[in-house]
Amino acid sequence: MFLIYAKKYAKKKFSVDKDKCINCKICENECPTKNITMNDRDITFYNKCIGCEKCIHRCPTNAILYKGKPFESYKIEEYLK
């Protein structure tokens, strides 16, 4: 089941908000599949994503976009009401 999810997730387009990116390379270093490469604020996302979201959660400026939007954290309790 996880592999099905991961394959669907990997096809999604990631991008970066260049105004927010500080070129810290945390996303590149944290990615377990080396799906991200970075040079001078240009980030390339490949098709090896497994959906762990480490890049999104570790970005100190919330510069990584998923489906063209910044990741928004939420509390599960809000959805269980």
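The values are calculated or read from the model by the stated rules, or taken from the named source; none is laboratory data. A quick note: this is a predicted structure, and the numbers were derived from the prediction, not measured. Note that we place each Cβ from the backbone using ideal geometry, even for glycine, and neighbour counts take in every protein chain shown.
Search region 12-34 for residues that are without any contact (Cβ under 8 Å) to a residue 60 or more places away in the chain and pair each with any residue that is among the polar types (S, T, N, Q) when their beta-carbon atoms are under 6 Å apart and the residues are at least 6 apart or on different chains.
Close Cβ pairs satisfying both conditions: K20/T61; I22/T61.
For region 24-39, name all the residues that are closer than 14 Å to C59 by Cα, out of contact with any Lys or Arg (no Cβ under 6 Å at 6 or more places or on another chain) and not polar (S, T, N, Q).
C24, K25, C27, E28, C31, I36
Kindly establish whether K20 is modelled with pLDDT under 90 and of a type outside the set (A, V, I, L, M, F, W, C).
Values: modelled with pLDDT under 90: no; of a type outside the set (A, V, I, L, M, F, W, C): yes.
For K20, the condition - modelled with pLDDT under 90 and of a type outside the set (A, V, I, L, M, F, W, C) - is not met.
Any chance region 48-59 includes a residue that's outside any helix (DSSP H, G or I), closer than 14 Å to C24 by Cβ and at pLDDT 85 or above? Spell out how you get there, then give the answer.
So the first thing to find is which residues in region 48-59 are outside any helix (DSSP H, G or I), and the list is 48-53, 59.
Remaining after also requiring closer than 14 Å to C24 by Cβ: 59.
Okay, now just the ones that are also at pLDDT 85 or above, so 59.
Within region 48-59, one or more residues are outside any helix (DSSP H, G or I), closer than 14 Å to C24 by Cβ and at pLDDT 85 or above.
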